[in-house]
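Here's the structure we're looking at; comments come further down.
The values are calculated or read from the model by the stated rules, or taken from the named source; none is laboratory data. Here the structure is a predicted model, which is why all the values come from computation and not from measurement. Here the Cβ is made from the backbone with ideal geometry for all residues, glycine too, and neighbour counts use every protein chain on show.
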Amino acid sequence: MLRTSVGADGVAELVIDRPERRNALTGAMWAELPKLLAELAGHARVLVVRGQGGHFSAGADIEELREVYADPDAAAEYHSVNVRAEEALAAFPRPTLAVVQGACVGGGCQLAAACDLRIAAPDARFGVTPARMGIVYPASSTLRLSRLLGPARAKYLLFSGELVTAAQALAFGLVEEVTPGAPERGRELARTLARRSGQTQGAAKAVIDGGADAVGPWLALAREAPHAREGLAAFLERREPEFPL
């Protein structure tokens, strides 16, 4: 199952909660994800994605996947649901942070890559494994991985299906930090992001992900300047700003 919550500080959590199966993702969980993200979007300042227990996610539920691939129409629908879920996470309007422990494989790695930032524990293991099962990885996922890592490293992961360590993932650019206290560091970073201007963050995310033309709606909001007025006043008054949601 998937669980969500939003704290008083504006830090939301999306928890993959199926620890008995290393948080393997079912089709129903993929289908539920866009709805949950839409519900969180109006209340969260930052979103943390993590797994329950010692793993982020071991990927798709293979037993279910075997049944799905017995029917071409069911397989096509599964792919469509999977892509919609990934795209919904990538398009979340606030900063997103994956906190990774243990297995982050297949669909789990797909979700982590769709987040803006990733922090890993030293025991984290990453892998993109469709080549092991003869499955064609979605085009959007392939391109996202290539933009994140560069073409050669994306090909290495996709061609080989091999798992890489947290240290290798850091060298590849798949994660931003590796730390023994990944959950605590994730909460600390999430609280920091929640205190910053969502307007600034949203504009930066729009441009980085969508190009210069994507900044237009954010510039329209900026003309009213509530974030700028608050940020400048707080700086001059030597206090923490309290940016509106």
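Does Arg94 satisfy being charged (D, E, K, R), assigned to a loop (DSSP other than H, G, I, E, B) and either without any contact (Cβ under 8 Å) to a residue 12 or more places away in the chain or surrounded by 15 or more Cβ atoms within 10 Å (Cβ to Cβ) (or both)? It is true that Arg94 is charged (D, E, K, R), assigned to a loop (DSSP other than H, G, I, E, B) and either without any contact (Cβ under 8 Å) to a residue 12 or more places away in the chain or surrounded by 15 or more Cβ atoms within 10 Å (Cβ to Cβ) (or both).
Does Glu32 count as in a strand (DSSP E or B), in the same structural domain as Gln168 (by TED's automatic domain parsing), touching a strand residue (DSSP E or B) at 6+ places or on another chain (Cβ under 8 Å) and of a type outside the set (A, V, I, L, M, F, W, C)?
no
Just checking, does segment 19-36 include any residue being under 14 Å from the mean Cα position of the chain (by Cα) and of a type in the set (D, E, K, R)? No, the conditions are met nowhere in segment 19-36.
Please list, ordered by residue number, the helices (runs of 4 or more DSSP H) wholly in segment 129-245 having 2 or more residues that are at pLDDT 95 or above, buried (at least 17 other Cβ atoms within 10 Å of the Cβ) and in the same structural domain as Gln52 (by TED's automatic domain parsing). If you could, list the steps in order and put the result at the bottom.
Working: elements: 130-133, 139-149, 151-160, 166-172, 182-195, 198-210, 216-222, 226-236.
So the answer is 139-149, 151-160, 166-172, 182-195.
If I filter segment 13-39 down to residues being under 29 Å from Ser197 (Cβ atoms) and in contact (Cβ under 8 Å) with a residue 40 or more places away in the chain, which single residue comes out as surrounded by the fewest Cβ atoms within 10 Å (Cβ to Cβ)? Checking each candidate, the answer is Ala38.
Evaluation of Ala113 against the conditions (1) over 20 Å from Ala60 (Cα atoms); (2) of a type in the set (A, V, I, L, M); (3) crowded, with 16+ Cβ neighbours inside 10 Å shows that the sole unmet condition is (1).
Does Ala44 count as assigned to a helix (DSSP H, G or I) and under 24 Å from Ser5 (Cβ atoms)?
Numbers: assigned to a helix (DSSP H, G or I): no; under 24 Å from Ser5 (Cβ atoms): yes.
Against the criterion (assigned to a helix (DSSP H, G or I) and under 24 Å from Ser5 (Cβ atoms)), Ala44 does not qualify.
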